[in-house]
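The values are calculated or read from the model by the stated rules, or taken from the named source; none is laboratory data. This is a predicted model, so every value here is computed, not measured. Backbone-built Cβ (ideal geometry, glycine too); neighbour counts: all protein chains shown. The accessibility values were calculated without ligands, DNA or RNA, using every heavy atom of the protein model including side chains. Shrake-Rupley method; radii C 1.70, N 1.55, O 1.52, S 1.80 Å.
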Amino acid sequence: MEVNLSPQLAKKVYESNGGSYYAWSPSELPMLREGNIAAAKLALLKNGFALPQYSDSSKVAYVLQGSGVAGIVLPESQEKVVAIKKGDALALPFGVVTWWYNKEDTELVILFLGETSKAHKTGEFTDFFLTGANGIFTGFSTEFVGRAWDLEEKVVKALVGNQSGKGIVKLEGNIKLPEPKEEHRKGMALNCEEAPLDVDIKNGGRVVVLNTKNLPLVGEVGLGADLVRLDGKAMCSPGFSCDSAYQVTYIVRGSGRAQVVGVDGRRVLETTVKAGNLFIVPRFFVVSKIADNDGLEWFSIITTPNPVFTHLAGSIGAWKALSPTVLQAAFNVDAEVEKVFRSKRNADAIFFPPPN
């Protein structure tokens, strides 16, 4: 596979006085097209309002910074108004209509990762806005809008023409959006920074896995996700997805080194990763990361709702499961070397603290 795996930063697609929208391009990150995956970020300033829209792709949204409100309308359902904050993950299936609002001084930044197998453009999200200068309403004639909603022409012209913004606007005046309801949050969002840990290794790292058990909607989205926090100088064991899934990784905080090994034992990526980088690990390729002094945190989606990983190191690693003589034959070493190899990393762990 001769595809460039180098991590990339998002590029700005459009902006207004209410905020900006960024996306990763398949031309700069070819694995997006290869894996039928798309990635984007929404950044809302104070009083920034992302107009109601739906997308041609299912997504997982992850709040990178700030707090705000999300409006979510599942097909043939009532609107749910959900308070969101840093660390929240939301699963957004096909056909869902969403809007986003930030009423705080701190910028609200939301990451979107999803799959594009049914999208108009492979490796890219196409969003359809209900209102605004590029909205659905503006595409229909006043006659069609008037008849569909039984409206007078004067009202139709106001609905079609008054909102001149595109995608993101800044709300002015006394307009007050609906307040979030606690009961609406159940089943719609999971805070990965507060959820029970699936893995917790002292001086190593912590993992929260997003799956159909703690957020059932990911089953409809067809994606799994996890938040991984690696302590300073700690290592994440070499491993691979053993269920033919791609792993899409966004670096939330910190920096570190990553290596990916693919077909014929070739190291296809050796790089430094930092906050804001996105990179994609091909199916069955083995990846490992080592954090710098300040640690490394990343949010990933996996293109299956209940991912299964095989790790190669530690007591749960595949090597430890093989018979001693099989290892001797495979490595072409004597029993003494095999014994030393087997005696190391006996902890039931996927994270390894830095050496003493």
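Computed with a 1.4 Å probe over protein heavy atoms only, the accessible surface of the chain comes to 49 Å² per residue. Counting lysine pairs in region 103-236 whose alpha carbons fall under 22 angstrom apart, excluding pairs fewer than 8 residues apart on the same chain, gives 10. Proximity of backbone amide H atoms, modeled 1.01 Å from N, is registered between residue 86 and 66 at under 5 Å, excluding neighbours fewer than 5 places apart on the same chain. Couplings for region 218-235, taken from phi via the Karplus curve 6.51 cos²θ - 1.76 cosθ + 1.60 with θ = phi - 60°, read 5, x, 6, 6, x, 10, x, 7, 8, 10, 10, 10, 9, 6, x, 6, 6, 10 Hz in order; Gly and Pro are left as x. Normalised by the number of residues in the chain, the mean separation of alpha-carbon contacts (under 8 Å, six or more apart) gives a relative contact order of 17 percent. In the chain, helices alone account for a calculated mean residue ellipticity at 222 nm of -3500 deg cm²/dmol, with every DSSP H run of four or more residues adding -39,500 (n - 2.57). Alpha-carbon geometry of region 7-160: the Rg and the Dmax are 16.6, 53 Å, given in that order. Sorting 150, 292, 226 on solvent-accessible area from highest to lowest, probe radius 1.4 Å, gives 150, 292, 226. Once you sort the root eigenvalues of the Cα gyration tensor of region 193-352 as a ≥ b ≥ c, which label holds: rounded (a/c under 1.5), prolate (a/b larger than b/c) or oblate (the other case)? Here region 193-352 falls in the prolate category. Applied to region 107-123, the Karplus parametrisation 6.51 cos²θ - 1.76 cosθ + 1.60 on θ = phi - 60° returns per-residue 3J(HN,Hα) values of 4, 9, 10, 10, 9, 10, 10, x, 10, 10, 4, 10, 7, 5, 10, 5, x Hz, with x for Gly and Pro. Treating each Cα of the chain as an identical point scatterer and summing with the Debye formula, the log10 of I(q)/I(0) at q = 0.07, 0.10, 0.11, 0.14 Å⁻¹ comes to -0.35, -0.66, -0.78, -1.16. Below 8 Å between Cα atoms, with a sequence gap of 6+, how large is the relative contact order for region 193-352 in percent? Relative CO of region 193-352 lands at 28 percent. 3J(HN,Hα) along region 297-307: 10, 9, 10, 10, 10, 10, 7, 7, x, 10, x Hz, from the Karplus curve 6.51 cos²θ - 1.76 cosθ + 1.60 with θ = phi - 60°, whole Hz, x for Gly and Pro. Taken about its Cα centre, the chain carries a charge dipole of about 500 debye when Lys and Arg each add +1 at the Cβ and Asp and Glu each add -1 at the Cβ. For region 78-122 versus region 274-330, the spacing of their alpha-carbon centroids is 28 Å.
In terms of the mean number of neighbouring beta-carbon atoms within 10 Å, the peptides 264-275, 69-80 order highest first as 69-80, 264-275.
Taking the accessible area of the chain, probe 1.4 Å, and keeping the other protein chains in place, the carbon and sulfur fraction comes to 51%.
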